[in-house]
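Encoded as structure tokens, the structure appears first; notes follow it.
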Amino acid sequence: MDGPMRQRLEACLVDGTKADRALAAYILARPETIPFETAATLAEKVEVSEATVGRFCRSIGYDNLKDLKQQLGQDFGDRPWLIADRLRDFQAQARQAENPLGRSLELEIAGLVAVYEIAQSADFRRVVERLTTARRVFVCGFQTERAMAQMFAHQLQYLRDGVQLLDLEGGHFAELFATDVENTALVLFEARRYSRLARVVAREAMAVGVPVTLVTDAFCDWGRGLVSELLVVPTEFNLFWDSTAQMASLVNLFMNAVSIEIGPAVEARMTKVSQLYARFTGHTGDPSGPES
């Protein structure tokens, strides 16, 4: 997005009201979605009233959201302003400049398609059922993949109880192996070069009857036949460092599927966790939070 609209929105980030700043920030971050928004849907996403959307548009010089959308389309130029055109433009520029990021983008898109294909597999559905019904779910990641494990565990804790990260620092994993393992599941995240611990923990868990799901890269030559499910995620995108971005996409798909599988009860759980966070820590702009 270029031109006067960007300038108006950026000025609003500095001088606008709290609601105006939220609306301006959303439009600047997600311009490609605005053609599909109404005042009502935009208000819901930004958590303001529908009337506030109208006032915001008028405050920056537009009659209403429809007028703003028309101007936004003009700022994008005569061409359509959706993702397909932006993708073609990026790829063309990358080829002309011999920019390797164009190839990286193509690989990333192919990788995302592969992840969505995983989400259609029987293994994925089996893991979702286990994550929904298991009494306890342990999660573990090694080296840089610890971040993926933390993301998975923390998000799953919002959906259900009995979810725990394995303690790597203790070195004994007693929280898993020194307790009743009936109806327990283990999810591991790992990519090359693989930690010795990943293989050891997977083997020991399977030996005591704990099903293991391993989310890993295409180079893992030790997981197949050792774990219950091996979910291979693309990680090579012509970048300096192998990327775990598609692991994060798979995590999001797991959370979506588990929330659907749990059903209406997930809302009560998420509300309770959110209330606890508000009580002990507090959210920005929430006056009901704890005193500092």
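Every read-out reported here was derived from the displayed coordinates using simple, explicitly stated rules and does not represent laboratory data. Since we're looking at a predicted model, the values are computed, not measured. Neighbour counts are summed over all protein chains in view; Cβ atoms, including those assigned to glycine, are modelled from backbone coordinates with ideal geometry.
Can you compute the FRET efficiency between Thr41 and Ser121 using 1/(1 + (r/R0)^6), with r the Cβ-Cβ distance and R0 = 25 Å? Round to the nearest 0.05. Could you put the intermediate results ahead of the total?
Numbers: r = 32 Å, r/R0 = 1.30.
Using R0 = 25 Å, I get an efficiency of 0.15.
About the Cα centre of the chain, what is the dipole size in debye to 20, counting +1 per Lys and Arg Cβ and -1 per Asp and Glu Cβ, all else neutral? Show your work: numbers first, answer last.
Details: 31 positive and 39 negative charges, 31 e Å.
Rounded to the nearest 20 debye, it is 140 debye.
Quick one: dipole size for the stretch 4-75, taken about the Cα centre, charges +1 on Lys/Arg Cβ and -1 on Asp/Glu Cβ, in debye to the nearest 20.
Working: 10 positive and 11 negative charges, 17 e Å.
It works out to roughly 80 debye.
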Fill in the blank from the handout: So the angle from the long Cα axis of helix 50-59 to the longest Cα principal axis of the chain, reported in degrees to the nearest 10, equals 50 degrees
Exercise for the section: If a/c stays under 1.5 just call it rounded; otherwise compare a/b with b/c (prolate if a/b is bigger, oblate if not). Do that for the stretch 228-292, with a ≥ b ≥ c from the square roots of the Cα gyration tensor eigenvalues. Expected result: oblate
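If you average the sequence gap of Cα pairs under 8 Å that are 6 or more apart and divide by the length of the stretch 192-281, what percent do you get for the contact order?
Result for the stretch 192-281 is 17 percent.
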Fill in the blank from the handout: Given a Förster distance of 25 Å, the FRET efficiency implied by the Cβ-Cβ spacing of Leu112 and Tyr158, rounded to the nearest 0.05, works out to 0.60
Fill in the blank from the handout: Among Lys18/Lys66; Lys45/Lys69; Lys18/Lys272, the pairs whose Cα-Cα distance exceeds 20 Å are Lys18/Lys66; Lys18/Lys272
Fill in the blank from the handout: When Thr184, Thr216, Thr179 are ranked with the fewest other C-beta atoms within 10 Å first, the list becomes Thr179, Thr184, Thr216
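Relative to the present Cα-Cα distance, how much length would full extension add between Thr144 and Ser274 at 0.36 nm per residue of separation? Numbers along the way, then the final one.
Details: separation 130, 0.36 × 130 = 46.80 nm, distance 2.83 nm.
Computed gain between Thr144 and Ser274 is 44.0 nm.
For the residues Phe177, Phe189, what sequence is obtained by ranking on other C-beta atoms within 10 Å, fewest first? The partial results should precede the final answer.
Details: Phe177 15, Phe189 29.
Ascending number of Cβ neighbours within 10 Å: Phe177, Phe189.
Treat every Asp and Glu Cβ in the stretch 114-279 as -1 and every Lys and Arg Cβ as +1, leave all other atoms uncharged, and give the resulting dipole magnitude about the Cα centre to the nearest 20 debye. Before the final figure, lay out each step's value.
Values: 16 positive and 19 negative charges, 45 e Å.
Dipole about the Cα centre, nearest 20: 220 debye.
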Fill in the blank from the handout: Looks like the chain, by Cα gyration tensor root eigenvalues a ≥ b ≥ c and the a/c under 1.5 rounded cutoff (else prolate when a/b is bigger than b/c, oblate otherwise), is oblate
Problem - Helical mean residue ellipticity (222 nm; -39500 (n - 2.57) per DSSP H run of 4+; nearest 500) of the chain - result: -17500 deg cm²/dmol
Fill in the blank from the handout: Connecting every pair of Cα atoms under 10 Å apart in the chain and solving the GNM, the largest mean-square fluctuation among Ala218, Ala40, Ala257 falls on Ala40
Practice task
Normalising by the residue count of the stretch 4-75, find the relative contact order in percent from Cα pairs under 8 Å and 6+ residues apart.
Solution key: 27 percent
Handout entry: In degrees, nearest ten, helix 122-133 long axis to first principal axis of the chain (Cα)
Key = 80 degrees
Exercise for the section: Starting from the Cα of Asn64, step 7 Å along the direction of its Cβ; do the same at Phe240; then give the gap between the two resulting points in nm. Expected result: 5.1 nm
Completion exercise
Per the charge dipole of the chain (beta-carbon charges, Lys/Arg positive, Asp/Glu negative, Cα centre), the residue among Ile262, Leu230, Gly54 reaching farthest to the positive end is Ile262
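Shape verdict for the stretch 4-75, please, from the Cα gyration tensor: rounded (a/c under 1.5), prolate (a/b greater than b/c) or oblate. Write down the numbers at each step before the final one.
Values: a/c = 1.31, a/b = 1.02, b/c = 1.29.
Cα axes put the stretch 4-75 in the rounded bin.
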Completion exercise
Note on the chain: contact order normalised by length, alpha-carbon pairs under 8 Å, 6 or more apart, percent, works out to 14 percent
Completion exercise
Percent antiparallel among DSSP beta bridges confined to the stretch 114-279, nearest 5, equals 0 percent
Fill in the blank from the handout: Candidates Pro211, Pro35, Pro100; GNM for the chain (alpha-carbon contacts under 10 Å) flags as most fluctuating Pro35
Problem - Helix 101-118 vs. the chain, principal-axis angle (Cα, 0 to 90°, nearest 10) - result: 60 degrees
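Test of understanding: ordering Lys18, Lys69 by Cβ neighbours within 10 Å, fewest first, what list do you get?
Values: Lys18 9, Lys69 18.
With the fewest neighbours first, Lys18, Lys69 line up as Lys18, Lys69.
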